[in-house]
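Participant: Here it is: the structure, laid out below.
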């Protein structure tokens, strides 16, 4: 996650965090944390343990890169193994059709969790294969939506497109064969631990 450098003066456009389409603003970082925490509680969203870092990372996504430290998570490539797993999931979704998806209520719960997660990152990639795979995955779930879609990016742990994976049934996700230890507090951990 990126962190602001020289926070004493605050970010150029002030302390602001966007949650569920609402712009939350405050005069200081601490005051913004209080507003964000309250907004998340009112909406029934999980509050990240590292809320300060999550706020700073979002701010860093809107300001010049030289005002922040840390690696910009927006530029990453997925490995051939990730591409294989993603392609395998696409094929399984195509074969199963409607049976590959979960009820909307469960997808909403998953999406809220992902939106608040420190490993949910917006992304851009120069990798053409990556864009094709993400495009295909998006195509299979294009009719599916959640209230948190605007806040969902890519999971930096599994490289899955969060807008898509929150809708997919556990037996499809299990076929991707991820290590449950990578997901200490994630909804996917339960899925990967099931037999």
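The values are calculated or read from the model by the stated rules, or taken from the named source; none is laboratory data. What you are looking at is a predicted structure, and each value in this text was computed from that prediction instead of being measured. Cβ coordinates were reconstructed from backbone atoms using ideal geometry, including for glycine residues, and neighbour counts include every protein chain displayed.
Participant: Mind counting the residues in region 1-15 that are within 24 Å of the chain's Cα centre (by Cα) and either buried (at least 16 other Cβ atoms within 10 Å of the Cβ) or in a helix (DSSP H, G or I) (or both)?
Facilitator: 5
Participant: So in region 130-174, with the set limited to residues that are in contact with a helix residue (DSSP H, G or I) (Cβ under 6 Å, 6 or more places away or on another chain) and at pLDDT below 80, which one is surrounded by the fewest Cβ atoms within 10 Å (Cβ to Cβ)?
Facilitator: Once the filter is applied, the top-ranked residue is 157.
Participant: Let me ask something additional. Could you tell me how many of the residues in region 54-73 are assigned to a helix (DSSP H, G or I), in contact with a strand residue (DSSP E or B) (Cβ under 7 Å, 6 or more places away or on another chain) and closer than 17 Å to residue 151 by Cβ? Talk me through it step by step, then tell me what you get.
Facilitator: Pass one, region 54-73, residues assigned to a helix (DSSP H, G or I): 54-60, 65-67.
Then drop every residue that is not in contact with a strand residue (DSSP E or B) (Cβ under 7 Å, 6 or more places away or on another chain), which leaves 55-56, 58-60, 67.
Then keep just the ones that are closer than 17 Å to residue 151 by Cβ; that gives 55-56, 58-60.
Residues that pass the stated criteria total 5.
Participant: Shifting gears a bit: Tell me which residues, restricted to region 102-124, are farther than 25 Å from residue 60 by Cα and surrounded by fewer than 20 Cβ atoms within 10 Å (Cβ to Cβ).
Facilitator: Selection gives 102, 103, 104, 105, 106, 108, 109.
Participant: On to the next question. Which residue, of 25, 30, is in contact with a strand residue (DSSP E or B) (Cβ under 7 Å, 6 or more places away or on another chain), modelled with pLDDT of 85 or more and outside any loop (DSSP other than H, G, I, E, B)?
Facilitator: 25
Participant: Starting from residues that are at pLDDT 85 or above and under 15 Å from residue 161 (Cβ atoms), keep the ones in region 94-122 and report whichever is farthest from the chain's Cα centre (by Cα).
Facilitator: 100
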